[in-house]
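Each remark here refers to the structure printed beneath this line.
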Amino acid sequence: MTNILDAGAVIDGPWPIVGEDQPKEAVERLMHDSLLPESRFQPGFTPTLVNTGSELVLFDTGNGGDGFVPRPHGGWLADMLEPAGYTPDQVDVIVLTHAHPDHIGGLMERGRPLFPNARYAIGAVEYDFWAKDDRLSADKDGNEFRSARLFRTHLVPLADRVRFLKPGDDVTPGIRAVASFGHTPGHLSFHIESEGRRLLLWGDCAHHEVASLAHPEWHAFFDMDKEAGAATRKRVYDMATADRLLVSAYHMSFPSLGYVERKDAGYRWVPVTYQLNL
Ligand SMILES: [Zn+2]
């Protein structure tokens, strides 16, 4: 597998992106205590390529030219495939964890599909949610409207090549969808298994490597269902700790790979060091 960095933007936060229901000071104090800047941060934006030996599978497509982080600070995936050793026409399957702009923005490049030979997979619940006409009546400045608009220009034109997943479905042998609803109504994570070793690709089950893990109960600004998002974080972090899973986590610092351990009343992200080299 190859993780590819799609954006390097520094943005305001993590409050209120994480901890929107908390006083700003609580999040700033946690950052200070963690030796991190208090009010600016650099999220990862990390699509994952998996070469199964018979197929090349890409999880999420980054910001593209029209996503959450505009060029030149985001939308790097298209240019980073080649140095990673691949070309867009080699990608067989694109799996979308959900339909927010930083995940579907890279599907199209100047109005044309970037991956000409790919088929696509997304949660059925997720697709149906964004396909409803009333999504476009959301606040024009909000993430819901931007997602709904991008969904129509970037995913709907590909609909005849899209497979609609439900939790438990296999995308391809060794890759299985896991329910992680809350951030969006049909958000999916994925178990990726090879020769008895398992990786969890959790999409947007965390938006900050310290704050989301330490306080999964804190509300996340971009979660569409706050309580379901919090419950899903706890369940998914429990899964990762119980099974000592390697995790590929879209918004953690690049290369966005690590493990989860319990700490105090919450959890802690442990970035990979040499575990995979042995
Ligand atoms: Zn995201």
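What is the log10 of I(q)/I(0) for region 2-277, computed with the Debye formula using one identical point scatterer on each Cα and no solvent, at q = 0.08 Å⁻¹?
Summing over Cα pairs of region 2-277 leads to -0.29.
If contacts are Cα pairs under 8 angstrom and at least 6 residues apart, what is the relative contact order of region 116-248 in percent?
20 percent
Test of understanding: what is the full-extension gain from residue 34 to residue 264, defined as 0.36 nm times their sequence separation minus their Cα-Cα distance?
Full extension of this stretch gives 81.4 nm more.
Cβ under 11 Å from residue 52's Cβ, residue 52 left aside: what net charge do those residues give with Lys, Arg +1 and Asp, Glu -1?
With Lys, Arg at +1 and Asp, Glu at -1, the neighbours total -3.
Where is the GNM fluctuation largest for the chain (alpha-carbon springs, 10 angstrom cutoff): 226, 263, 234?
Per the Cα network of the chain with a 10 Å cutoff, 263 tops the list.
In whole percent, what relative contact order does the chain give with Cα contacts below 8 Å and a gap of six or more residues?
Across the chain, relative contact order equals 17 percent.
Need one value: the accessible area of residue 152 in square angstrom, 1.4 angstrom probe, rounded to the nearest 10.
Looks like 60 Å² after rounding.
How long is the gain from residue 160 to residue 131 if the chain were fully straight, where each residue apart is worth 0.36 nm and the alpha carbon distance is subtracted?
Additional length available on full extension: 9.0 nm.
GNM, the chain, Cα, under 10 Å: largest mean-square fluctuation among 124, 148, 26?
In this elastic network of the chain, the residue with the biggest mean-square fluctuation among 124, 148, 26 is 26.
For the pair residue 21 and residue 42, how long in nm is the line joining their label points, each one 7 Å along Cα→Cβ?
About 3.2 nm, to one decimal.
Would you mind getting the accessible area per residue of region 2-277, heavy atoms of the protein chains only, 1.4 Å probe, in Å²?
Values: 12300 Å² over 276 residues.
For region 2-277, the solvent-accessible area averages 45 Å² per residue.
So, taking all protein chains as they sit and a 1.4 Å probe, how much accessible area belongs to residue 215, in Å² rounded to tens?
60 Å²
Normalised by the number of residues in region 98-153, what is the relative contact order in percent for Cα pairs under 8 Å and 6+ residues apart?
Averaging sequence separation for qualifying contacts and normalising by length gives 41 percent for region 98-153.
So, with a 1.4 angstrom probe, what is the percent of accessible area on the chain that is carbon and sulfur?
Here carbon and sulfur together make up 52 percent of the probe-accessible area.
Using only protein heavy atoms and a 1.4 Å probe, report how much of residue 50 is accessible, in Å² to the nearest 10.
The value for residue 50 is about 10 Å².
Provide the FRET efficiency to the nearest 0.05 for the residue 241-residue 79 pair, computing r from the beta carbons and using R0 = 35 Å. Don't skip to the answer; put the middle values down first.
Values: r = 36 Å, r/R0 = 1.03.
Calculated transfer efficiency: 0.45.
The values are calculated or read from the model by the stated rules, or taken from the named source; none is laboratory data. As the structure is a computational prediction, the values presented were derived from the model and not from experiment. Methodologically, a virtual Cβ is constructed for each residue, glycine included, from the backbone with ideal geometry; neighbour enumeration extends over all protein chains shown. We work out accessible area using only protein heavy atoms, side chains counted, and drop any ligands, DNA or RNA first. Shrake-Rupley method; radii C 1.70, N 1.55, O 1.52, S 1.80 Å.
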